[in-house]
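Visitor: Following this message is one structure expressed as C-alpha cells.
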Amino acid sequence: MEVKSNVTLDMLCNWVDWSRDNGIYIGYPSKSVFSMSKGGRSQGYLTEDEALTIDSIVSELKTWDKETHTALVEYLYSGCNIRHVARTLNCHHSKASVLVNSGISWVDGILYMSLYSFR
C-alpha cells in the first residue's frame, strides 16, 4: 500500500522534530545513531495540540500492532531510513517498507476519523 499524500508523513516528521525540540521522547528511542540527524522532510511546524494528537495516535498504534509501531517509530527517528528499520526488525527491507506504510496509513485513518468526528 502506497501513501498517496505526504501530508500525514510530513506531520509525523514534524512530530518527531517537536519531540526532539522539547526533549520529551515520550517512550520513544532517543539514543539512536540517527537521532541527531533531522530527516529534512518537514516543511512546517505543528501546534502543541496537533503534536499531542499525533503522539497519542502513535502511542495507540502500539496497543494494536507493536511491530508496525516499532517500524514506524524507527523509520521516523532514523530520518526515514528503511534499511535501518529492516536491520532493527531483522527482516527484509520490503517487509519493513510494508510495515512503515501500514503505520502511516493507520495514523492517516485515525486523523481522518478525528477530523470528521468519527472518534
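Visitor: Would you mind stating whether Ala51 is within 12 Å of the chain's Cα centre (by Cα), crowded, with 20+ Cβ neighbours inside 10 Å and more than 19 Å from Val7 (Cβ to Cβ)?
Guide: Numbers: within 12 Å of the chain's Cα centre (by Cα): yes; crowded, with 20+ Cβ neighbours inside 10 Å: yes; more than 19 Å from Val7 (Cβ to Cβ): no.
No.
Visitor: State which residue is nearest to the chain's Cα centre (by Cα) when the search covers only segment 80-119 and only residues that are at pLDDT below 90 and not in a helix (DSSP H, G or I).
Guide: Per the stated criteria, the residue is Cys80.
Visitor: I've got another one for you. Being at pLDDT below 50 and part of a helix (DSSP H, G or I) narrows it down to one of Ser56, Ser42, Ser30, Ser35, so name that one.
Guide: Details: Ser56 fails: at pLDDT below 50; Ser42 fails: part of a helix (DSSP H, G or I); Ser30 fails: part of a helix (DSSP H, G or I).
Going through Ser56, Ser42, Ser30, Ser35 in turn, the sole match is Ser35.
The values are calculated or read from the model by the stated rules, or taken from the named source; none is laboratory data. Just so we're clear, the structure is a prediction, and the values are computed from it rather than from any experiment. With ideal geometry, Cβ positions are generated from the backbone for all residues, glycine too; neighbour counts draw on all protein chains shown.
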